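Okay, structure first, notes after.
The values are calculated or read from the model by the stated rules, or taken from the named source; none is laboratory data. If you're wondering where the values come from, they're calculated on a predicted model, not measured in any experiment. Counting neighbours? That spans all protein chains shown, and the Cβs are built from the backbone with ideal geometry, glycine included.
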Amino acid sequence: MKFSPLLDELIEQFKVLPSVGQKTAQRMAFHLLERNREGALKLSDALRNAMEHIQHCRQCRTFTESDLCDICASSKRQASGTVCVVESPQDVLAIEQTSQYQGLYFVLMGHLSPIDGIGPKDIGLDVFAGMLDDTDTQEVILATNSTVEGEATAHYIHQLCQEREIKTTRIAQGVPVGGELEYLDGSTLVHAFSGRREL
């Protein structure tokens, strides 16, 4: 069934969001039209404002409205000598919420994937190498995902650091807090054992 052209267009645009199919898009469109037109207009304004003003930080490549994000602009962070490499801005947010890390970041916006034609330059590793050459980085913390692609990316970055004699560490991976061993897969347990530390 075809709706009015504007309604069809609204439904179609909701489908650009991840995991939103035809039915979900229809529900969203009808909800906003029937119950929350004011909220929809605010959402529209926020989307336009974000798309027009949010850019990548010149140094770490996370999202910001400024040339440098607040983290990169912090002299305390710059003095730490550590850079944590992550795959996405969401990873930065997750780490920042722990309040445990006080260094800088570098956001890859993805991972190496030769099958998909994604090489080192596509995820900014040439920029990262330049950053290592131009700064006094003492340690690079690899916090890529523990997927095949994430591990390959971490290995590549480790080699870049080795060439420059920069210490590299990998975040520990394994048993989650509250997790039960019987429900974990073998790969997770292997990581847990290899990453064990003395108490």
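Within segment 1-37, take every residue that is among the aromatic types (Phe, Trp, Tyr) and farther than 15 Å from residue 47 by Cβ and give me the one that is farthest from the chain's Cα centre (by Cα). Ranking the qualifying residues of segment 1-37, first place goes to 3. I'm checking my understanding of the structure. Among residues of segment 135-165 that are touching a residue at least 40 places away in the same chain (Cβ under 8 Å) and touching a helix residue (DSSP H, G or I) at 6+ places or on another chain (Cβ under 6 Å), which one is farthest from residue 91 (Cα to Cα)? This residue is 140.
Looking across segment 135-158, the residues that are assigned to a loop (DSSP other than H, G, I, E, B) and either of a type in the set (Lys, Arg) or under 17 Å from residue 82 (Cα atoms) (or both) come down to 135, 136, 137, 138, 143, 144.
Does residue 45 satisfy being closer than 27 Å to residue 140 by Cα, free of Cβ contacts under 8 Å to residues at least 60 places away in the same chain and either surrounded by 11 or more Cβ atoms within 10 Å (Cβ to Cβ) or outside the structural domain of residue 107 (by TED's automatic domain parsing) (or both)? No. The residue that is nearest to residue 88 (Cα to Cα), counting only those in segment 111-134 that are touching a residue at least 60 places away in the same chain (Cβ under 8 Å) and assigned to a helix (DSSP H, G or I), is 127.
Answer yes or no: is there a residue in segment 182-193 that is in a loop (DSSP other than H, G, I, E, B), assigned by TED's automatic domain parsing to the domain that holds residue 108 and within 21 Å of residue 91 (Cβ to Cβ).
no
Could you tell me whether any residue of segment 34-44 is closer than 30 Å to residue 166 by Cβ and either assigned to a helix (DSSP H, G or I) or in contact with a strand residue (DSSP E or B) (Cβ under 9 Å, 6 or more places away or on another chain) (or both)?
No: segment 34-44 contains no residue that is closer than 30 Å to residue 166 by Cβ and either assigned to a helix (DSSP H, G or I) or in contact with a strand residue (DSSP E or B) (Cβ under 9 Å, 6 or more places away or on another chain) (or both).
Among the residues of segment 61-82, is any within 17 Å of residue 154 (Cβ to Cβ), surrounded by 14 or more Cβ atoms within 10 Å (Cβ to Cβ) and touching a residue at least 40 places away in the same chain (Cβ under 8 Å)? Scanning segment 61-82 turns up at least one residue that is within 17 Å of residue 154 (Cβ to Cβ), surrounded by 14 or more Cβ atoms within 10 Å (Cβ to Cβ) and touching a residue at least 40 places away in the same chain (Cβ under 8 Å).
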